[in-house]
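One structure is given here, and the rest of the page talks about it.
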Amino acid sequence: MSLIKSISGIRGTIGGKVDENLTPLDVVKFASAFGTWLQNNKNKKDLTLVIGRDARISGSMVNSLVTATLQGLGIHVIDLGLSTTPTVEVMVPELHADGGIILTASHNPKQWNALKLLNEKGEFINGENGAEVLALAESEDFNYAEVDDLGKYEERHDAFEIHIQKILDLPMVDAEAIKLKKFKIVVDAVNSTGGIAIPQLLEKLGCEVIKLYCEPNGHFPHNPEPLKEHLGDICELVKKEKADMGIVVDPDVDRLAFVDENGEMFGEEYTLVAVADYLLRHKKGVAVSNLSSSRALRDVARNLGSEYFASAVGEVNVVTLMKEKNAVIGGEGNGGIIYPDLHYGRDSLVGVALFLTHLAKENKTVSELRATYPSYFMGKKKIELTPDIDVDSLLTKMENEYQTEEVSTVDGVKIDFEKNWVHLRKSNTEPIIRIYTEAFSQEEADELGDQMILKITSLI
């Protein structure tokens, strides 16, 4: 199957051979590397780490391996058990821990799992730190604790309550306005931990909750990536129940999508747009997303007298730019909401609370709210190249070809035309160029992608 080592962590499929899949030995080695790196970085041995996991079938096994390894290094472990990515991120600074590990492969299928690594702020470690952890894993330069110095183990079962209360305490979340609307909401949590956390939040907000796939048993009933083609069941149930809307999250609850009252997708790209619209109406400032996210966020921000900036693709890059620009709101077009007043991480729970506040105050249906935003359509294509072709040189040629347009080279080459855009990025693993486009119709977006393929081919 597959094992992927990157600066953001390690992920792979359970079973198989060491160093080819995510086996117990690989889990132990990588947990040892992160624990050792933290000890070296902090220059002390008795650290505290927070860990939590999504509901994957392999989660309990991986959790036991990681916990025992950290204790073996002399590190104290606070285990949140079944949790969400944003909940672990919130709890690391809440518990004054030195870092955290989230055991989740996000939207990957059930055979996958991963270790995602957090610093003492509850934020993903940066590229430089990740490279150092990888180097330690390769060297296996670990020094485990003697018997009297083994790390302690503690369980916490109040993390969701703490996370939710922090959301309810935010000035921009109006729980009373939401309660007055008595929203009826269907929740699809793909049988993972969102099935615990999202209904708990909604009930605190006075909503009637209809649960669909909310049993946290790790048996995903459909592809866990929250895209339209995977969500027929919730779309039908929203209509059948005459619900006000549907809420969909991925297994670790950092991606958020909505279904309107007619059983139609609100659009994953528009989750961030709607939340930004609400926040920027009350506080002019800066909105940030990545270069491959919808132009609709830029349009909404500028219409409200605010600024918009785009980062390279990747949550760490979005957060870095948000901090640099002191952004009011940021995130990714895949339904990831980053609200810095709570924490710098994608968080579906705070996204739900802010969206429902906006919906309640606007006194609109979900479809009526969606109609207030510009409609864009995205296309995704790729062009395969022979291994001997210099992709970087090819992208430079494309940059020069369109130098009279608005061009960004922060991450590949993005060309902003007046009515559409194209983003060209090289793959890190194979000789291909990924081509993302956006336009006012699907046909136009796809046609723009085809034009770019022809142009690239002519430059080879």
- [ ] Kindly provide the set of residues from region 23-79 that are of a type in the set (Lys, Arg) and touching a residue at least 40 places away in the same chain (Cβ under 8 Å), ordered by number.
- [x] LYS29, LYS42, LYS45, ARG53, ARG56
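Residues checked against (1) surrounded by fewer than 20 Cβ atoms within 10 Å (Cβ to Cβ); (2) modelled with pLDDT of 95 or more:
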| site | (1), (2) |
| --- | --- |
| LEU103 | no, yes |
| PRO109 | yes, no |
| ALA114 | no, yes |
| LEU117 | no, yes |
| LYS121 | yes, yes |
| GLU128 | yes, no |
| ALA131 | yes, no |
| PHE142 | yes, yes |
Task: Residue check, LEU359 outside the structural domain of GLN451 (by TED's automatic domain parsing) and surrounded by fewer than 21 Cβ atoms within 10 Å (Cβ to Cβ) - done: no
- [ ] Residue by residue through region 362-409, note down the ones that are in a strand (DSSP E or B), exposed (fewer than 15 other Cβ atoms within 10 Å of the Cβ) and either of a type in the set (Ser, Thr, Tyr) or under 23 Å from the mean Cα position of the chain (by Cα) (or both).
- [x] LYS380
Task: Complete set of residues in region 145-183 that are loosely packed, with under 14 Cβ neighbours inside 10 Å, outside the structural domain of VAL275 (by TED's automatic domain parsing) and hydrophobic (A, V, I, L, M, F, W, C) - done: VAL147
Open item on the list: Looking only at region 15-39, count every residue that is surrounded by fewer than 24 Cβ atoms within 10 Å (Cβ to Cβ), in contact with a helix residue (DSSP H, G or I) (Cβ under 8 Å, 6 or more places away or on another chain) and not aromatic (Phe, Trp, Tyr) and tell me the total.
Closed with: 7
- [ ] Identify the single condition in (1) buried (at least 19 other Cβ atoms within 10 Å of the Cβ); (2) free of Cβ contacts under 8 Å to residues at least 40 places away in the same chain that GLU236 does not satisfy, given that it satisfies every other one.
- [x] (1)
TODO: Would you mind stating whether GLY305 is outside any strand (DSSP E or B), surrounded by fewer than 23 Cβ atoms within 10 Å (Cβ to Cβ) and not aliphatic (A, V, I, L, M)?
DONE: yes
Task: ASN108 polar (S, T, N, Q), in a loop (DSSP other than H, G, I, E, B) and outside the structural domain of ASP254 (by TED's automatic domain parsing) - done: yes
Open item on the list: Restricting to region 410-460, give me the number of residues that are assigned to a strand (DSSP E or B) and of a type in the set (Phe, Trp, Tyr).
Closed with: 2
Open item on the list: With the requirement that a residue be more than 15 Å from GLN200 (Cβ to Cβ) and either among the acidic types (Asp, Glu) or assigned to a helix (DSSP H, G or I) (or both), what does region 80-105 give you?
Closed with: THR85, VAL88, GLU89, MET91, VAL92, PRO93, GLU94, ASP98
TODO: Keeping to region 262-293, report how many residues are in contact (Cβ under 8 Å) with a residue 60 or more places away in the chain and touching a Lys or Arg at 6+ places or on another chain (Cβ under 6 Å).
DONE: 2
Task: Single match in VAL190, VAL186 (criterion: buried (at least 20 other Cβ atoms within 10 Å of the Cβ), over 14 Å from PHE355 (Cα atoms), among the β-branched types (Val, Ile, Thr) and touching a Phe, Trp or Tyr at 6+ places or on another chain (Cβ under 9 Å)) - done: VAL190
Open item on the list: So GLN200 ticks every box in (1) assigned to a loop (DSSP other than H, G, I, E, B); (2) in contact with a Phe, Trp or Tyr (Cβ under 8 Å, 6 or more places away or on another chain); (3) not aliphatic (A, V, I, L, M) but one. Which box is left unticked?
Closed with: (1)
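The values are calculated or read from the model by the stated rules, or taken from the named source; none is laboratory data. Small disclaimer: the values here were computed from a predicted structure and weren't measured. We place every Cβ from the backbone using ideal geometry, glycine too, and count neighbours over all the protein chains shown.
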